[in-house]
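The values are calculated or read from the model by the stated rules, or taken from the named source; none is laboratory data. Values in this document were obtained by computation on a predicted structure and should not be read as measured data. Please note: Cβ atoms are built from the backbone with ideal geometry, for glycine as well, and neighbour counts cover all protein chains shown.
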2 protein chains.
Amino acid sequence: MQRLDARDAGFAAAFTALVEARRESDAGVANDVAAIIADVRARGDAALFELTAKFDRIDLATSGIEVSVTEIAAARAQVPAATTAALELAATRIRAFHAAQRPADHDATDAAGVRAGYRWSAVEAAGLYVPGGLASYPSSVLMNAIPAKVAGVERLVMVTPTPAGRLNPLVLVAAELAGVDKVYRIGGAQAVAALAYGTASIAPVDKIVGPGNAWVAEAKRQLYGTVGIDMVAGPSEIVVVSDAKSNPEWVAADLLSQAEHDRTAQSILITDSVQFSEAVEAAVEHQLAALSTEATARASWDAFGAIIIVSDFDAALPLIDRLAPEHIELMVDAPDALFARIRHAGSAFLGRHTPEAAGDYVGGPNHVLPTGRRARFSSGLSVTDFMKRTTFLDCGAAGLAVIGPAAAVLADAEGLPAHANSVRIRL
Amino acid sequence: MQRLDARDAGFAAAFTALVEARRESDAGVANDVAAIIADVRARGDAALFELTAKFDRIDLATSGIEVSVTEIAAARAQVPAATTAALELAATRIRAFHAAQRPADHDATDAAGVRAGYRWSAVEAAGLYVPGGLASYPSSVLMNAIPAKVAGVERLVMVTPTPAGRLNPLVLVAAELAGVDKVYRIGGAQAVAALAYGTASIAPVDKIVGPGNAWVAEAKRQLYGTVGIDMVAGPSEIVVVSDAKSNPEWVAADLLSQAEHDRTAQSILITDSVQFSEAVEAAVEHQLAALSTEATARASWDAFGAIIIVSDFDAALPLIDRLAPEHIELMVDAPDALFARIRHAGSAFLGRHTPEAAGDYVGGPNHVLPTGRRARFSSGLSVTDFMKRTTFLDCGAAGLAVIGPAAAVLADAEGLPAHANSVRIRL
């Protein structure tokens, strides 16, 4: 963890280094991924089954590629009732929040008599990638699948690797609650390629979303354009802005909730009190000792954690906008007033009683958010990510008489005579 | 041009070949572009100036990198009044259409007492790439720049290569009309890299939009994630759906307006009348002979043009959705009824008096549209492409008491104890 004080002489340079520190690993998997994609595209199921046998040690010909209704029922029976109830509450709340995001169509005729507008429609088929093993989170299933279903996606399929055949029952229950139509036991770049191009077993989809390891991320990047993808996702991060009135134990808990995600996660406290920051630092230390995720959380906090002291919260604003954090907590007396002045952030958690973890699960807003300063230009996942807008124009003879001549003049000016002709021939 | 008849035995295979035919060139410039980006990132202006001297044969140290007020005034004086008036009409109409797209914020408190919503804000700085030479279109400047300004982008800069120093006055006038803040005489991958990382002369931007050659497209692709980009754009295409009541000359003119763009553009007619299709084909031939863009238009029509005969327009619908065309004209008696049943298209032109070229310039809707079947999952450029949404959550003590326990249960189930702790410590 590093301490910075905005009042110090060397602060600007140290803060720039903090902003620009690269936390993303260049796994150098581009060539391997390109080969896998080409193989699945060319050989379909044959390649998909071979790669799955190699990486996940399962024989899809025996197990079946699709997770069966029986397996899903078994998963349901395995999950404790309290957990299922919590997933149901989460699903209900996420669905309600996202339903309010459905965009409106537009259709208007102007003074020239020209009618124009746009119509929204859903992506027909979408694929959701769910990592296997440790990072297999049912909450992510809900956060990715529910907006797709609210958008009206007809065919929503999920892919997840099942190393040595192991399936996470929570993930299956979440998929069922969210309305996922089919679950396939495949993963890695080969699963992404199968979703993009289709094979005999898997129909192609139009959009692929969901987190994954470096191979999955690279496959999505390479297939961007062939299908839609959600976004480039990097390690998670939080900025907690707190005055000295907050409970330092609460702030420490929030910083650690980020740090436990992975070793490259980043937790930053910005406060106007040196004394408070010291209390938080001490709380982090003693909470760390009690965590089963201590090794990860400590590695993240040691390498990327930061405490920044500011003279007042006005001075924090430009720092926050430079960081454009994925998550920002505002643990101050008037969080709305501060939030109104923040320009770049993925999601904000207002007041002392809104831990980011509440939003990770049951708040309602999506937890798939832009990382690594991408909140400067991008947004969290939403219903419109599973929709597209078709614009339309209807000039009519009268409208074309008004606006057509200008179109022809511009076509002439651009050296496009057939464009001009297509207008003038109707005038 | 190829003729297909949906009633023929071999149609399905031939149509699939048409849909999947690759019209995009793999220029294989990835390594060169990566080297340019690395060079500009490392050496800033020194690299940018050297590369500009090499590719555009101009010395930026002499000319200045920024296009001056004097040069813009000279451009204004050079453009005929009728062209300026047409650009002004276009700008006014594009601005009006896009102003209606500004999204609304959301802020609501639910039955649990939890407040959640989102707030839209503009990207702070955006860069617009404008190709030099033949593809230097003032209409594209308007279509890219106006949505950015409507969104509220504070700093909108334009880059355009000026081979041997030549500037297109129309482009400068369009930039001024659209509210572009600065114009830089740089182009290619080096200009995109300079916009993404910044140099001593050019402040970095958050989003880069606009068309470009293979080098520019590849640079945008490689920098996607460092900055936002608009989309992967391929060759342009149109599908004209027409019954036999349309004037075949009008249809031919529209097909050629697409074909003249470039040799890989694609024009497809879908009609229910063989006789009409023959009249259109003849009209294409004789109109071609009169075009100054004949060579390009003929190459496109010969290689990629198609006429598809269907028994009725119901049979056209699945074909249209497979093609998911950038542009679709519906020259039929009840275009709205047909449009309502089309699922995937970038932009629709309704009725016999709406040539696509009207929409290219003065209709109002954006002409930057998804190509190459990408209308299945993406939309034309809009105001929201220059904005981002920050969600927020405010549980309050009472709200957290209601939803917090479920969050903690899910955190436990996911094996994330610090997440659970950050909630339970407040309960």
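Which ranges mark the helices (runs of 4 or more DSSP H) fully within segment A:251-347 that have 1 or more residues being closer than 22 Å to B:Thr391 by Cβ?
Values: elements: A:274-289, A:294-304, A:313-323, A:335-340.
Qualifying helices (runs of 4 or more DSSP H): A:313-323, A:335-340.
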Could you check B:Ala340 against (1) more than 7 Å from chain A (Cβ to nearest Cβ); (2) closer than 30 Å to A:Val114 by Cα; (3) touching a residue at least 12 places away in the same chain (Cβ under 8 Å); (4) surrounded by fewer than 24 Cβ atoms within 10 Å (Cβ to Cβ) and say which number it fails?
(3)
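Can you name every residue in segment B:392-427 that is acidic (Asp, Glu) and more than 7 Å from chain A (Cβ to nearest Cβ)?
Here is the first cut: in segment B:392-427, the ones acidic (Asp, Glu) are B:394, B:412, B:414.
The one that is acidic (Asp, Glu) and more than 7 Å from chain A (Cβ to nearest Cβ): B:Asp412.
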I'd like the full set of residues that are within 27 Å of A:Thr226 (Cα to Cα), touching a helix residue (DSSP H, G or I) at 6+ places or on another chain (Cβ under 6 Å) and within 8 Å of chain B (Cβ to nearest Cβ), limited to segment A:115-141.
A:Val123
Spot the failing condition for B:Leu369; the list is (1) more than 7 Å from chain A (Cβ to nearest Cβ); (2) over 10 Å from A:Thr391 (Cβ atoms); (3) in contact with a Gly (Cβ under 6 Å, 6 or more places away or on another chain), and only one is missed.
(2)
Answer yes or no: is there a residue in segment B:377-388 that is among the basic types (Lys, Arg), more than 24 Å from A:Ala81 (Cβ to Cβ) and touching a residue at least 60 places away in the same chain (Cβ under 8 Å).
yes
Could we say that B:Ala112 is in contact (Cβ under 8 Å) with a residue 12 or more places away in the chain and within 14 Å of chain A (Cβ to nearest Cβ) here?
yes
B:Ala397 meets each of (1) in contact (Cβ under 8 Å) with a residue 60 or more places away in the chain; (2) surrounded by fewer than 24 Cβ atoms within 10 Å (Cβ to Cβ) with one exception, condition (1)
Segment A:162-186 residues that are at positive phi, paired with ones that are in a strand (DSSP E or B) and of a type in the set (A, V, I, L, M, F, W, C) (beta carbon under 9 Å, 6 or more apart)
A:Gly179/A:Leu156
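Give segment A:212-227 a look and list any residue that's among the acidic types (Asp, Glu) and either touching a strand residue (DSSP E or B) at 6+ places or on another chain (Cβ under 9 Å) or within 11 Å of chain B (Cβ to nearest Cβ) (or both), or say none. Talk me through it step by step, then tell me what you get.
Residues of segment A:212-227 among the acidic types (Asp, Glu): A:218.
The answer is none; no residue qualifies.
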Unmet requirement for A:Gly198, which otherwise passes all of (1) more than 23 Å from A:Ser140 (Cβ to Cβ); (2) surrounded by fewer than 24 Cβ atoms within 10 Å (Cβ to Cβ); (3) touching a helix residue (DSSP H, G or I) at 6+ places or on another chain (Cβ under 8 Å):
(3)
Which condition breaks for B:Ala9 when tested against (1) aliphatic (A, V, I, L, M); (2) at pLDDT below 95; (3) in contact with a helix residue (DSSP H, G or I) (Cβ under 7 Å, 6 or more places away or on another chain)?
(3)
Subset tally (residues that are away from chain A (no Cβ under 14 Å) and either closer than 21 Å to B:Leu338 by Cβ or acidic (Asp, Glu) (or both)) for segment B:236-265:
4
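Of the residues that make up segment B:117-134, is at least one out of contact with any Ser or Thr (no Cβ under 8 Å at 6 or more places or on another chain) and assigned to a helix (DSSP H, G or I)? Lay out the reasoning, then the answer.
Our first condition is that a residue be out of contact with any Ser or Thr (no Cβ under 8 Å at 6 or more places or on another chain); within segment B:117-134, this holds for B:122-128, B:133-134.
Pick out the ones that are also assigned to a helix (DSSP H, G or I) and you get B:133-134.
There is at least one residue in segment B:117-134 that is out of contact with any Ser or Thr (no Cβ under 8 Å at 6 or more places or on another chain) and assigned to a helix (DSSP H, G or I).
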Determine, yes or no, whether B:Ala38 is within 14 Å of chain A (Cβ to nearest Cβ), under 29 Å from A:Gly415 (Cα atoms) and at pLDDT 95 or above.
no
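For residues in segment A:65-104 being away from chain B (no Cβ under 11 Å) and in a loop (DSSP other than H, G, I, E, B), which is farthest from A:Ala194 (Cα to Cα)? If you could, list the steps in order and put the result at the bottom.
So the first thing to find is which residues in segment A:65-104 are away from chain B (no Cβ under 11 Å), and the list is A:65-78, A:95, A:99, A:102.
Still in the running and in a loop (DSSP other than H, G, I, E, B): A:65, A:67-68, A:102.
Working: A:Ile65: 12, A:Val67: 16, A:Ser68: 19, A:Arg102: 30 Å.
Checking each candidate, the answer is A:Arg102.
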One residue from B:Ala324, B:Ala334, B:Ala315, B:Ala411 being more than 30 Å from A:Leu170 (Cβ to Cβ), without any contact (Cβ under 8 Å) to a residue 24 or more places away in the chain and out of contact with any Leu (no Cβ under 9 Å at 6 or more places or on another chain)
B:Ala334
Residue check, A:Pro161 in a loop (DSSP other than H, G, I, E, B) and over 18 Å from the mean Cα position of the chain (by Cα):
yes
Report, ordered by the first and then the second residue, all pairs with beta carbons closer than 6 Å, sequence separation of six or more or different chains, a first member in segment B:63-79 that is touching a residue at least 24 places away in the same chain (Cβ under 8 Å), and a second member that is aromatic (Phe, Trp, Tyr) and not in a helix (DSSP H, G or I).
B:Ile65/B:Tyr184; B:Glu66/B:Tyr184
Give the residue that is nearest to the other protein chains (Cβ to nearest Cβ), with candidates limited to residues of segment B:142-171 that are among the aliphatic types (A, V, I, L, M) and under 20 Å from B:His261 (Cα atoms).
B:Leu170
Select from segment A:373-391 the residues that are facing chain B (nearest Cβ under 8 Å) and touching an Asp or Glu at 6+ places or on another chain (Cβ under 8 Å) and write down the one among them that is nearest to B:Pro355 (Cα to Cα).
A:Phe377
Identify the residue in segment A:357-391 that is of a type in the set (A, V, I, L, M, F, W, C) and in contact with a Lys or Arg (Cβ under 7 Å, 6 or more places away or on another chain) and, among all such residues, is nearest to A:Leu89 (Cα to Cα).
A:Val362
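Examine segment B:351-362 for a residue that is under 29 Å from A:Met231 (Cα atoms), small (Gly, Ala, Ser), facing another protein chain (nearest Cβ under 7 Å) and assigned to a helix (DSSP H, G or I), and state whether such a residue exists.
So far as segment B:351-362 goes, no, none of its residues is under 29 Å from A:Met231 (Cα atoms), small (Gly, Ala, Ser), facing another protein chain (nearest Cβ under 7 Å) and assigned to a helix (DSSP H, G or I).
In segment A:378-427, what count of residues is obtained for those that are of a type in the set (D, E, K, R) and either out of contact with any helix residue (DSSP H, G or I) (no Cβ under 7 Å at 6 or more places or on another chain) or within 30 Å of A:His344 (Cβ to Cβ) (or both)?
If we filter segment A:378-427 for residues that are of a type in the set (D, E, K, R), which is where we start, we get A:385, A:388-389, A:394, A:412, A:414, A:424, A:426.
Adding the requirement that they be either out of contact with any helix residue (DSSP H, G or I) (no Cβ under 7 Å at 6 or more places or on another chain) or within 30 Å of A:His344 (Cβ to Cβ) (or both) leaves A:385, A:388-389, A:394.
Total meeting the criteria: 4.
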Which residues, taken from segment A:213-234, are assigned to a loop (DSSP other than H, G, I, E, B) and more than 11 Å from the chain's Cα centre (by Cα)?
A:Asn213, A:Gly225, A:Thr226
Residue satisfying condition, being touching a helix residue (DSSP H, G or I) at 6+ places or on another chain (Cβ under 8 Å), surrounded by 13 or more Cβ atoms within 10 Å (Cβ to Cβ) and at pLDDT 90 or above, within set B:Ala47, B:Ala30:
B:Ala47
Checked segment A:140-150 for anything within 12 Å of the chain's Cα centre (by Cα) and of a type outside the set (A, V, I, L, M); matches are A:Ser140, A:Asn144, A:Pro147
